[in-house]
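The values are calculated or read from the model by the stated rules, or taken from the named source; none is laboratory data. None of the values given here were measured: they were computed from a predicted structure. Glycine gets a Cβ as well: all are built from the backbone with ideal geometry, and neighbour counts include every protein chain shown.
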Amino acid sequence: MINHHLYKKEGVNVAFSSKILEKVRLIIKRYPDGKQKSALLPILHIAQEESGGYLNVEIMDYVASLLEIQPIEVYEVATFYTMFNLEKTGTYLIEVCRTGPCAISGGEHILDYLEKKLNIKTGETTSDGLFTLKTTECLGACGNAPVMQVNTEYYEFLSNEKIDLILDTLKKMANGNKPEGSRWVEKF
Amino acid sequence: MVKVTIDNISIEVEDGTMILEAARKIGGKIVPPAMCYYSKLKKTGGKCRTCLVKVAESSSRDPRPMPKLVASCSTPVQDGMVVQNITSKEVLDARKAIVEFLLINHPLDCPVCDQAGECDLQDLSFLHGVMATRYEEGRREYPAIDIGSYIKLHMNRCIHCYRCVFVADQLTDQRVHGMFYRSDSMEISTYIQNVVDNDFSGNVIDACPVGALTDRTFRFKSRVWFLKPIDAHRECNKCCGKVTAWMFGNEIYRITGRKDQWGEVEEFICNECRFERKEIKDWFIEGPRKIKRQSVISANKYEKLLKPNQK
Amino acid sequence: MGRKILTGLVTVPGIRSFPVYRGEGGYMSVEKALCEMTPIDIIKEVTKSGLRGRGGAGFPTGLKWSFLDRKPDKPHYLVCNADESEPGTFKDRFLMENMPHLLIEGLIISSFALGANTCYIYVRGEFKYIIGLLNKAIREAYENKFLGENILGTGYSLDIFVHPGAGAYICGEETALLESLKGKRGNPRIKPPFPAYKGLYDCPTVVNNVETIATVGPIIIMGGEEYASIGKGKSTGTKLISACGNINNPGVYEIELGLPVEDFIYSQEYCGGIRDGKRLKAVVAGGSSVPVLPADLILSTPQGQKRLITFESMQEGGFDSGTMLGSGGFIVYNEDQCMVRNTWNFTRFYRHESCGQCSPCREGTGWMEKVLYRIEHGKGKVSDIDLLVSVANKIEGNTICPLGDAAAWPVASAIRHFRHEFEYHIEHPEICNRMDHGKLIEQPAASIKYR
Ligand SMILES: Cc1cc2nc3c(=O)[nH]c(=O)nc-3n(C[C@H](O)[C@H](O)[C@H](O)COP(=O)(O)O)c2cc1C
Ligand code: SF4
Ligand code: SF4
Ligand code: FES
Ligand code: FES
């Protein structure tokens, strides 16, 4: 729970492509003049996806410059919301819902099974860098419990067999590109 | 002007005044304690909940009581409002609870804390707290870090009042520290290695109600109650230059803003005055400063103790 | 069969797309409202319908709208609360996923009634897929001139934007939501001033739940009086109830308010009874924040009448033996579930989701979670139970926003109704480390009230 560690710049260069910059401009335009800070959450979602699934200091500074706000305002927001990762994760970030409704419908056993199957503990990443296993709170899909999300896709009505299938498919997909229409830029 | 009655004492104040400010106008025991509100900074208050009071009658037009206790620092008075502070058991109980909450994760390291003796939390727990703690779980522990050459951050002691954030927002041109994460892992930090250095950044030390932000140039030099507060001033082109110099013999151990009876500085001072003018010749001495607060400084609780290096 | 005002068309294939929706009579309410009614007429109609907020608090929507500061010197905003993160609640997702145009229809009418020319839908960030669906539907509405400049030639213009959250339950609280919409941390603020005076960008703003807004269209078509004739007493109309947990048919159901809880849980039309032939142990009826009730008290009120799904009937018995309808998220527990572990689970949720601003909630939720963790993991003491009750009482009512209360109620009510389970854990440290280990707890004969 205690963070208090100071992050370092990674010394990488970041910049959005012109296509994304155009989208960013459109997003900023949704808010009244001078309220461009409102666009912070949508743009951080895009930034996280563009920088490999997590927000490093450089990309946050870059977002701050795009929105003409101070970097500290971006750090404060990025640390508040759980969807933003501050550390590098595996290719697939598996987040199993562990809140009440899922837990009483077998969610705890799903987590146990995933730990056994991936041979890691919750919070760890597999040695091949493919999977990071985490827990999350209610995903708003309790009727389809147990639920987990992998990166930003939902997987519902989980069972051990279904987990086997999902992991196999993900492993096969690991080198392929994302299916069209599933990126944040395209959703906005 | 509107009329408000606090603990059976009535006073007329300007429309829009907060209950707490009205109480301060009356003064004395009926003033609710404040840990996060700071009248010199905009938008502060509402967070610590130590200033909760009961509104027994909302106004003369609508004499119904407010359903919950309200934060007196952020609730404006209305004409005919009747407020209970120390006359309400509910309020006193709630305040005790808040003190308990503020202390459960506090390290209680007063013996090694530079703020001891002038700490709002010490005063608060002394006046409103309960003696024994019911908390047996682990406490939050953070390493202390330096944020720049002048200021030390002991996150362990922070009560999350946000005052330092508002100081940086309202007095300095660029804020480099802030509140991160959330819930009970919320913390003050700079996120990346960064230096809080700005002409007015030192004011976070005065505004911090506890020993979370302390003066590195004064660290462990002395306990405050061994020092004599003297009002002094100098010509300064950055700030008002009016300070309190904390002296031991003829030496200035540290400089702070001049704190009023509510523990708030009268005027903010610049870093040059605070950290770099420690020679007596830098200052015009005005005379001893009376510290009116409850603190052990004025209560002389430690009078008979010897300073460690005085043996 | 109750009337299906919101979900009647869900089964029509392709209803998500504009042409199909329009073909089924969609957007007729917009035509009626914008061309034949004034904003005041609309507010009157909504007031007459008795519609109450579906986001949790049940505040009358017409009344809320009438509070809006109508001075024309500042822009007005309508913000639709689609943050839906309350454990047990997933009705808004169902509505947005299946009937996106119904929501847009409601948003147009409501914005018109409130004099708002900009409207934001704040959707929780995890619903990325829903965000895509909504944006597609909004695009269709623009293409068909139901959004944009000069809608239906009335001179009225409206823009709707979808704004994503990023994982914070507290952003469902309306003032936190508005902060978050400004690109800040989701810290609630003290009310007053209410958003109706000082909301988004300090302008008059109304925040309404997805379901509330979606109901506005049908109300305009059928008339407020007709809508008010459905339901019971001050709980008018229909409501979406999301049911989950150990039941045969988890899902979202539209019911007429006033349906007995017993019928809802046991009839084939709805939950279909408890799964695997087990018995009913407890129900949390309004999303995790409301007090949990044991089987006998959820099915009937302390006076022995059938408990109905209405705002009033749920509250009957007060805090001792009642609960709240809240957002309508039914979480149903069978006899195997452990109430101690569940309480710890919920408290951990609130600790995780507290914004951390005010001391009672920040420190109190953490404290309760640590104590409950100890009890659940075999290190509890008898005195811990009263300590928990005391801490919960001290959080309640002393915080900035209702999340503090929401964290305190589940703990206080679980101890009130299932104290023996807490005691059993403390006496038998090895008993339980999974939710369904509740069956290992020996229940004292007097307390067996399973149904
Ligand atoms: C902690 C907390 C979480 C909330 N979450 C939601 C939510 O996810 N969705 C929602 O519609 N309302 C939520 N609310 C209620 C809102 O504050 C607000 O009352 C509601 O959006 C008003 O809309 P209504 O009048 O249509 O119900 C929440 C309230 C609190 C205190
Ligand atoms: S460091 Fe001090 S001033 Fe800043 S939030 Fe903590 S207690 Fe308040
Ligand atoms: S009650 Fe909790 S969530 Fe609400 S403002 Fe206070 S700390 Fe934040
Ligand atoms: S509890 Fe898992 S999705 Fe709600
Ligand atoms: S001083 Fe009023 S809440 Fe902190």
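Taking the residues in region C:315-336 that are crowded, with 24+ Cβ neighbours inside 10 Å and either out of contact with any Ser or Thr (no Cβ under 9 Å at 6 or more places or on another chain) or of a type in the set (A, V, I, L, M, F, W, C) (or both) as candidates, determine which candidate is nearest to residue C:425 (Cα to Cα).
C:333
Quick check, is residue B:5 crowded, with 16+ Cβ neighbours inside 10 Å, within 23 Å of the chain's Cα centre (by Cα) and away from ligand 4 (no atom under 16 Å from the Cβ)?
In short, no.
Tell me which helices (runs of 4 or more DSSP H) are completely within region A:1-116 and hold 3 or more residues being within 10 Å of another protein chain (Cβ to nearest Cβ), or say none if there are none.
Because the criterion is at least 3 residues that are within 10 Å of another protein chain (Cβ to nearest Cβ), the helices (runs of 4 or more DSSP H) in region A:1-116 that meet it are A:40-50, A:57-67, A:71-80.
Which residue pairs have Cβ atoms under 8 Å apart, sit 6 or more places apart or on different chains, and have a first residue in region B:129-158 that is under 22 Å from residue B:274 (Cα atoms) and more than 13 Å from chain C (Cβ to nearest Cβ) and a second that is hydroxyl-bearing (Ser, Thr, Tyr) and assigned to a loop (DSSP other than H, G, I, E, B)?
Close Cβ pairs (under 8 Å, with a partner that is hydroxyl-bearing (Ser, Thr, Tyr) and assigned to a loop (DSSP other than H, G, I, E, B)) amount to B:147/B:190; B:148/B:201; B:150/B:201; B:150/B:217; B:151/B:201; B:154/B:142.
Can you find a residue in region B:19-39 that is away from chain C (no Cβ under 14 Å), more than 9 Å from ligand 5 (Cβ to nearest atom), in a strand (DSSP E or B) and not aromatic (Phe, Trp, Tyr)?
no
Could you say whether any residue in region C:117-125 is of a type in the set (S, T, N, Q), touching a Pro at 6+ places or on another chain (Cβ under 8 Å) and either within 16 Å of ligand 5 (Cβ to nearest atom) or not in a helix (DSSP H, G or I) (or both)?
Checking region C:117-125: at least one residue is of a type in the set (S, T, N, Q), touching a Pro at 6+ places or on another chain (Cβ under 8 Å) and either within 16 Å of ligand 5 (Cβ to nearest atom) or not in a helix (DSSP H, G or I) (or both).
Does residue B:235 satisfy being free of Cβ contacts under 8 Å to residues at least 12 places away in the same chain, over 20 Å from residue B:42 (Cα atoms) and not hydroxyl-bearing (Ser, Thr, Tyr)?
Here the answer is yes, as residue B:235 does meet what is asked.
Taking region B:172-199 only, how many residues are more than 14 Å from chain C (Cβ to nearest Cβ) and in contact with a Cys (Cβ under 6 Å, 6 or more places away or on another chain)?
Of the residues in region B:172-199, 1 are more than 14 Å from chain C (Cβ to nearest Cβ) and in contact with a Cys (Cβ under 6 Å, 6 or more places away or on another chain).
Which of the residues spanning region C:346-378 are under 27 Å from the mean Cα position of the chain (by Cα), among the basic types (Lys, Arg) and away from ligand 2 (no atom under 16 Å from the Cβ)?
If the condition is that a residue be under 27 Å from the mean Cα position of the chain (by Cα), among the basic types (Lys, Arg) and away from ligand 2 (no atom under 16 Å from the Cβ), then C:348, C:351 are the ones that fit.
Hey, any hits in region B:281-292 for a residue that's β-branched (Val, Ile, Thr), under 15 Å from residue B:223 (Cβ atoms), at pLDDT below 95 and part of a helix (DSSP H, G or I)?
Checked against the condition, which is being β-branched (Val, Ile, Thr), under 15 Å from residue B:223 (Cβ atoms), at pLDDT below 95 and part of a helix (DSSP H, G or I), region B:281-292 yields no hits at all.
Out of (1) within 16 Å of ligand 1 (Cβ to nearest atom); (2) modelled with pLDDT under 95; (3) among the aromatic types (Phe, Trp, Tyr), what's the single condition that is false for residue C:418?
For residue C:418, the failing item is (1).
Scan region A:137-188 residue by residue and report those that are of a type in the set (Asp, Glu) and either assigned to a loop (DSSP other than H, G, I, E, B) or farther than 15 Å from residue A:117 by Cα (or both).
Hits for region A:137-188 are A:137, A:153, A:156, A:180, A:186.
Name the residue, out of B:244, B:190, that is more than 29 Å from residue C:170 (Cβ to Cβ) and outside the structural domain of residue B:27 (by TED's automatic domain parsing).
Sole residue among the options that is more than 29 Å from residue C:170 (Cβ to Cβ) and outside the structural domain of residue B:27 (by TED's automatic domain parsing): B:244.
State all residues of region B:13-42 that are away from ligand 2 (no atom under 16 Å from the Cβ) and in contact with a Phe, Trp or Tyr (Cβ under 7 Å, 6 or more places away or on another chain); if no residue qualifies, say none.
Within region B:13-42, B:20, B:24 qualify.
What residue, of B:66, B:18, B:81, is touching a Lys or Arg at 6+ places or on another chain (Cβ under 9 Å) and in contact (Cβ under 8 Å) with a residue 40 or more places away in the chain?
B:81 is the lone residue from the list that is touching a Lys or Arg at 6+ places or on another chain (Cβ under 9 Å) and in contact (Cβ under 8 Å) with a residue 40 or more places away in the chain.
Looking at residue C:139, is it within 28 Å of residue A:149 (Cβ to Cβ), in contact with an Asp or Glu (Cβ under 9 Å, 6 or more places away or on another chain) and assigned by TED's automatic domain parsing to the domain that holds residue C:28?
Answer is no for this residue.
Would a scan of region C:166-178 turn up a residue that is away from chain A (no Cβ under 14 Å) and part of a helix (DSSP H, G or I)?
The answer is yes, given that some residue of region C:166-178 is away from chain A (no Cβ under 14 Å) and part of a helix (DSSP H, G or I).
Is there a residue being crowded, with 17+ Cβ neighbours inside 10 Å and at the interface with chain C (Cβ under 7 Å from one of its Cβ atoms) anywhere in region A:117-125?
no
Could you list all residues from region B:69-122 that are of a type in the set (D, E, K, R) and part of a loop (DSSP other than H, G, I, E, B)?
Result: B:79, B:109, B:114, B:118.
Would you please name the residue that is nearest to the other protein chains (Cβ to nearest Cβ), looking only at residues in region B:200-244 that are polar (S, T, N, Q) and part of a loop (DSSP other than H, G, I, E, B)?
B:201
Give the residues of region A:29-78 that are buried (at least 19 other Cβ atoms within 10 Å of the Cβ), of a type in the set (Val, Ile, Thr) and free of Cβ contacts under 8 Å to residues at least 40 places away in the same chain, sorted by residue number.
Result: A:43, A:63, A:72, A:74, A:77.
Inspect all residues belonging to region B:66-86 and state whether any of them is surrounded by 20 or more Cβ atoms within 10 Å (Cβ to Cβ), touching a His at 6+ places or on another chain (Cβ under 7 Å) and closer than 30 Å to residue B:185 by Cα.
No, region B:66-86 contains no residue that is surrounded by 20 or more Cβ atoms within 10 Å (Cβ to Cβ), touching a His at 6+ places or on another chain (Cβ under 7 Å) and closer than 30 Å to residue B:185 by Cα.
So which pairs qualify, if the first residue must be in region B:41-54 and in contact (Cβ under 8 Å) with a residue 40 or more places away in the chain and assigned to a loop (DSSP other than H, G, I, E, B), the second must be near ligand 5 (Cβ under 9 Å from one of its atoms) and among the aromatic types (Phe, Trp, Tyr), the Cβ gap must be under 6 Å, and the two must be at least 6 apart or on different chains?
From residues that are in contact (Cβ under 8 Å) with a residue 40 or more places away in the chain and assigned to a loop (DSSP other than H, G, I, E, B), the pairs are B:44/B:37; B:44/B:38.
Among the candidates B:31, B:70, B:55, B:77, which residue alone is outside the structural domain of residue B:128 (by TED's automatic domain parsing), more than 16 Å from ligand 4 (Cβ to nearest atom), of a type in the set (A, V, I, L, M) and over 30 Å from residue B:204 (Cα atoms)?
Selected residue: B:55, the only one of B:31, B:70, B:55, B:77 that is outside the structural domain of residue B:128 (by TED's automatic domain parsing), more than 16 Å from ligand 4 (Cβ to nearest atom), of a type in the set (A, V, I, L, M) and over 30 Å from residue B:204 (Cα atoms).
Starting from residues that are at positive phi and away from ligand 1 (no atom under 16 Å from the Cβ), keep the ones in region C:18-66 and report whichever is nearest to the other protein chains (Cβ to nearest Cβ).
Looking at residues that are at positive phi and away from ligand 1 (no atom under 16 Å from the Cβ), I get C:27.
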